[in-house]
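Below is one structure, written out as C-alpha cells; the observations come after it.
The values are calculated or read from the model by the stated rules, or taken from the named source; none is laboratory data. Here the structure is a predicted model, which means the values were calculated and not measured. With ideal geometry, Cβ positions are generated from the backbone for all residues, glycine too; neighbour counts draw on all protein chains shown.
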Amino acid sequence: MYDNTFIIIPSYQPDRDLLVPVIKGLLTTFKNVVVVDDGGQEEYKEIFKEVESLGAIVLIHYINAGKGRAIKTALNYILNNYPNIDAIVTADGDGQHLLEDIIKVADATIKNQTSYILGTRDFSQKQVPMKSSFGNRITRNVFKIFIGLNITDTQTGLRGMSKEVAEELYSVKGERYEYETNALIMCKEKDIPIIEEEIKTVYINDNDSSHFNPIKDSYIIYKLFFKYIFASLSSFLLDILLFTLFLKVYKDNINAAFISTIIARIISSFYNYLINSKLVFKKKNKTSIIKYFMLVIIQMLASATIVNGLAKIYPKYVLIIKIIVDVIIFIVNFVIQREWVFKGE
C-alpha cells in the first residue's frame, strides 16, 4: 500500500460504470485517492457518494470550473493537510489509465523527486482516434519549435509530481485544459526536468467520454502560442517596411542596403524587445536588456553584411535577399532569446 502517495481524479459528469471500477482498483493499492466533483450536479451526486463510501476523498465544485481548477483544488487540499508526501499523481477517471501504469508513474515520481513525470502513449497504434493522433502531432511540433521541449505526449492526463514540484505547479495559470499545457511550459521556465514513462494506449468507445471540446479547448490551448507568432511576424514586418523605406532614402549610396539594414534593425529591435519582454516571455532578468542588445548588434551586423554583399551581386533582388536572410536570422534569434536572453533568474 502506498501510504503517502496521492492520486487525483478530476471528474465532470462521470459514467458510473467507468469511474467506480477505477476508484475500486486504485484503492487496492493507494491509501489516498482524491476525487474532484467538478460541477456538483444533482444527477451525479449518487455516483460521488458511492465513490466516497468506497474510501475516496471527494471534493466538490459548486459549478463546473474546469480540469485545471479541479487539479489545483486537489493540490491545495493535499498540500494543506498532508505534510508527508512521497508523490502526487493526476489521472483520468474513465478507465484509460490502467492501474499498472498509474503505479509505474507513481514509482518514477518517488525515485525522481525534482522531476515532472509524464505517462506517454503511443499515438501510432491503430486504436488511437484520428482527432487525438492529429491533435497530439500538432501540439508536439508546436512545443518543439516554440517552447524547446521535445515531448512525445503533450496532452497526457497521467502525470506525477513530488511535493516540491506540486508547490511550483499549483501557481500555474489556467482553469481548463490549458492548465496542463501551461504546466509543461513552467517546467521549461523553472528548469524542472520532464521524464516520460511509456504507458499502455487505451481508448474506450473512441474516447467519447472525454469532455474535451476540439474547437473551444484547442483554441484555449493554442492561443498560448499565437503571441509567439505575432511577436516574431510583427517585428519582422516592421523591419522589412523600415528597410524598404530607408533603401529609397539612401538609394544613391553604394552601401544603401547596409545602412538601411542597420537603421531598420535598431528601430525594430526596440519594438521587439518591448513586445517580447511584455507579451511573449513575460519576464526580464537583471541582464536581459544587455544580453538582448548584444544579440541585436551581432545579428544586425550579420544581416547587414550578408544582405549588402549579396545586393551588390544581385541588385534586382535586394528585397528578396533581405527577406530570406532575415527569416533565417529571426528563427535563430528567437531560440537564443528563449534559451538565454529571457531565461528566468
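Of the strands (runs of 3 or more DSSP E) lying entirely inside region 29-118, those carrying at least 1 residues that are among the hydroxyl-bearing types (Ser, Thr, Tyr) and either over 26 Å from the mean Cα position of the chain (by Cα) or crowded, with 16+ Cβ neighbours inside 10 Å (or both) are 87-90. Pairs linking a residue in region 300-312 that is among the aromatic types (Phe, Trp, Tyr) to a residue that is surrounded by 15 or more Cβ atoms within 10 Å (Cβ to Cβ), with Cβ atoms under 8 Å and 6 or more positions apart or on different chains, do not occur. Of the residues in region 11-32, not one is within 18 Å of residue 174 (Cα to Cα) and of a type in the set (A, V, I, L, M). Restricting the first member to region 146-159 and to residues that are closer than 19 Å to residue 226 by Cα, and the second to residues that are among the polar types (S, T, N, Q), the beta-carbon pairs closer than 6 Å and six or more apart or on different chains are 154/139; 155/136. Among the residues here, residue 148 does not qualify as modelled with pLDDT under 75, closer than 30 Å to residue 330 by Cβ and of a type outside the set (Phe, Trp, Tyr). The single condition from (1) assigned by TED's automatic domain parsing to the domain that holds residue 91; (2) at pLDDT 65 or above; (3) surrounded by fewer than 14 Cβ atoms within 10 Å (Cβ to Cβ) that residue 142 fails is (3). Looking across region 119-139 at every residue that is of a type in the set (D, E, K, R) and not in a helix (DSSP H, G or I), the one that is modelled with the lowest pLDDT is identified as 126. When restricted to residues that are in contact with a strand residue (DSSP E or B) (Cβ under 8 Å, 6 or more places away or on another chain) and assigned to a loop (DSSP other than H, G, I, E, B), region 140-184 contains 8.
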